[in-house]
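K.L.:
Structure incoming, see below.
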Amino acid sequence: MENLDRIGPVLVMFLAAAVVLLADLLPAPPRRRFYAATAVVAALLATAWTLSLISRGRAGGAEDVAFSGGLVMDRFSLFFAFLFPWVAAFVGLASLDYLDRMADRAAEFYALLFTVTGGAMLLAAANDLIAIFIALELQSVSQYVLAGFLGSPRSSEAGLKYLLLGATSVAVMLYGMAFLFGLAGSTALPDIAAALGSAPDGQRAAFLTAAVLLAVGFGFKMAIVPFQMWVPDVYQGAPTPVTAYLSVGSKAAGFAVTLRVFYSALGADVIAPQWANLFAVLAAISMTLGNVMALLQTNIKRLLGYSSIAQAGNFLIGVAAIAVDGARFTLASSAVLFFIAAYAFTNLGAFFAVIGISSRIGSDRIRDYAGMWRRAPLLAVLLTFCLMSLTGLPPTAGFWAKLYIFNAAVRADMVWLVVVGVLNTIVSAFYYLAVVRQMFIAPPPTEAPVRPMPGLQFSLAVAALGVLLIGLFPNPLVEAAERAATVFAR
């Protein structure tokens, strides 16, 4: 029972999935608002349970483990236990406007959303290779279904591509896990770290090979080059609420498990500099390719897809810096966590605005956003604000996120990577501001107003408010990220 108590927030999400499916079996199924309300209630209950665990001393320390150490409810996993349920809640609210075209499958949509969220929470807490694999597959399989949820040719293509590429990446990741198990004789991350620390010189190359194979599998989740092939097509073909979740929830879960595995199990100084250099190079390539390709896009969802690849490169700057400075302080890991939270507010806000506009005008083409300032002033202003944050302009959360992570890289003597990041930030301003120019300067094709549903407006307002508050008062989030990063202190 203690084990179940410690994973109570995760069980809440799975229970919410069961509730919506059972409700859908009733003779008179509830309206879609019931499902969205369930998402909010589930987030509240998960948050309350997490706070209860902390107050009762059952979570927050390295010794707070469940299922024989397979899961650990430390400050790092608690950071994501607060984040993921609310990402799902606001995506659920924003989906009301979109679900008109698939009203008969609303229950399945929300059930999959809750399952994905539970898998992401387990992934952040996983402290064993087997637990990581189970959580990863629990999340991934649900995402494959969601990507093809519309059933249209483009959506089905997105789901199939996501499935095939995901299966390939998982196969490579499993090969790396098999390497680690063979070398360490255990699947527990602490045991792998101990085996690496005492490994003879002849085995270090094998550990490094395993690290590279794991980087391939996790790189797919993080959407970094060269494992990003699925992003543009899936982002364009999947339902826009699903794309919003993939851009935030899936990416955050990928970086969470990457930090856990590479720092906790593979952070020994004997191989850390090598995989740090690998991540640094991938960061530079991801930022550059993502931004250059985004410049060429005419579809807003594909543009945000390539933007997410570039943003993943920014995340990787901090991951690479962790290996360099981790023996002395946890600046880089806290910078990554801060960036994840700031990016969640920012990208969700951008996608919520896209849902509100595109679902009403029936197009995702950027040129059809012309004159949106006159047709939907609030949506245009809030989308502009979120695009400013993605660029890294003050007074937004994105400004502090980039400053924080660049500072960590400078402290880790990775100045060249910061230079690449700054240059790419300048490039990104061109395509973000091109969307803004289209909305505020180009003449509208019609004066018909664009009015999204209240649930989406509320979600968008909360996301934009989060971007603003973090931009004006970053210290509370900085402190939360620093507390979570103390898990990696040596």
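The values are calculated or read from the model by the stated rules, or taken from the named source; none is laboratory data. A quick note: this is a predicted structure, and the numbers were derived from the prediction, not measured. As a convention, Cβ positions derive from the backbone with ideal geometry for all residues, glycine included, and neighbour counts pool all protein chains shown.
K.L.:
For segment 43-61, how many residues are under 16 Å from Leu11 (Cβ atoms) and either at pLDDT 85 or above or under 24 Å from the mean Cα position of the chain (by Cα) (or both)? Show your work before the answer.
P.N.:
Filtering segment 43-61 down to residues under 16 Å from Leu11 (Cβ atoms) leaves 43-53, 58-59.
Subsequent filtering for residues that are either at pLDDT 85 or above or under 24 Å from the mean Cα position of the chain (by Cα) (or both) retains 43-52, 59.
Number of matching residues: 11.
A quick yes/no check of all residues on (1) surrounded by fewer than 22 Cβ atoms within 10 Å (Cβ to Cβ); (2) hydroxyl-bearing (Ser, Thr, Tyr); (3) modelled with pLDDT under 85; (4) within 14 Å of Lys301 (Cβ to Cβ):
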residue: Phe339; (1), (2), (3), (4): no, no, no, no
residue: Tyr343; (1), (2), (3), (4): no, yes, no, no
residue: Thr346; (1), (2), (3), (4): no, yes, no, no
residue: Ala350; (1), (2), (3), (4): no, no, no, yes
residue: Val354; (1), (2), (3), (4): no, no, no, yes
residue: Ile361; (1), (2), (3), (4): yes, no, yes, yes
residue: Arg365; (1), (2), (3), (4): yes, no, no, yes
residue: Trp373; (1), (2), (3), (4): yes, no, no, no
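K.L.:
Determine whether segment 227-237 contains at least one residue that is modelled with pLDDT under 85, over 26 Å from Ala310 (Cα atoms) and outside any helix (DSSP H, G or I).
P.N.:
Looking for residues that are modelled with pLDDT under 85, over 26 Å from Ala310 (Cα atoms) and outside any helix (DSSP H, G or I), one finds none in segment 227-237, hence no.
K.L.:
Of the residues in segment 22-31, how many are surrounded by 15 or more Cβ atoms within 10 Å (Cβ to Cβ) and of a type outside the set (D, E, K, R)?
P.N.:
Result for segment 22-31: 3.
K.L.:
Let me ask something else. Restricting to segment 183-193, name every residue that is among the β-branched types (Val, Ile, Thr) and free of Cβ contacts under 8 Å to residues at least 60 places away in the same chain.
P.N.:
Correct list: Thr187 only.
K.L.:
Being within 16 Å of the chain's Cα centre (by Cα), modelled with pLDDT of 80 or more, in the same structural domain as Gly118 (by TED's automatic domain parsing) and surrounded by 24 or more Cβ atoms within 10 Å (Cβ to Cβ) is the requirement here; does Tyr263 meet it?
P.N.:
No: the conditions fail for Tyr263.
K.L.:
Output the residues belonging to segment 433-461 that are outside any loop (DSSP other than H, G, I, E, B) and within 29 Å of Pro85 (Cβ to Cβ).
P.N.:
Residues satisfying the conditions are Pro454, Gly455, Leu456, Gln457, Phe458, Ser459, Leu460, Ala461.
K.L.:
Can we say Ile317 is at pLDDT 85 or above, of a type in the set (A, V, I, L, M), on the phi < 0 side of the Ramachandran plot and surrounded by fewer than 24 Cβ atoms within 10 Å (Cβ to Cβ)?
P.N.:
No, not satisfied.
K.L.:
When Gly392 is evaluated against the numbered criteria (1) in contact (Cβ under 8 Å) with a residue 24 or more places away in the chain; (2) on the phi < 0 side of the Ramachandran plot, which criterion, by number, is the only one it fails?
P.N.:
(2)
K.L.:
Additional query: Among the listed residues Leu379, Leu383, Leu423, Leu390, which satisfies the condition of being surrounded by fewer than 24 Cβ atoms within 10 Å (Cβ to Cβ) and aliphatic (A, V, I, L, M)?
P.N.:
Exactly one of Leu379, Leu383, Leu423, Leu390 is surrounded by fewer than 24 Cβ atoms within 10 Å (Cβ to Cβ) and aliphatic (A, V, I, L, M), namely Leu423.
K.L.:
Between a residue in segment 122-139 that is in contact (Cβ under 8 Å) with a residue 24 or more places away in the chain and closer than 18 Å to Ala167 by Cα and any residue that is surrounded by fewer than 18 Cβ atoms within 10 Å (Cβ to Cβ) and among the aromatic types (Phe, Trp, Tyr), which pairs come within a Cβ distance under 7 Å, given they are 6 or more apart or on different chains?
P.N.:
Close Cβ pairs satisfying both conditions: Leu129/Phe181.
K.L.:
Moving on. Between a residue in segment 8-32 that is free of Cβ contacts under 8 Å to residues at least 24 places away in the same chain and any residue that is β-branched (Val, Ile, Thr), which pairs come within a Cβ distance under 8 Å, given they are 6 or more apart or on different chains?
P.N.:
Between residues of segment 8-32 that are free of Cβ contacts under 8 Å to residues at least 24 places away in the same chain and residues that are β-branched (Val, Ile, Thr), the close pairs are Val19/Thr38.
K.L.:
Also, quick follow-up: Within the group Leu160, Leu196, Leu180, which residue is surrounded by fewer than 24 Cβ atoms within 10 Å (Cβ to Cβ), hydrophobic (A, V, I, L, M, F, W, C), touching a residue at least 12 places away in the same chain (Cβ under 8 Å) and not in a loop (DSSP other than H, G, I, E, B)?
P.N.:
Leu160
K.L.:
May I ask you to say which residue of Asp64, Asp24 is modelled with pLDDT of 80 or more, among the acidic types (Asp, Glu) and over 25 Å from Ser247 (Cα atoms)?
P.N.:
Residue meeting the stated conditions: Asp24.
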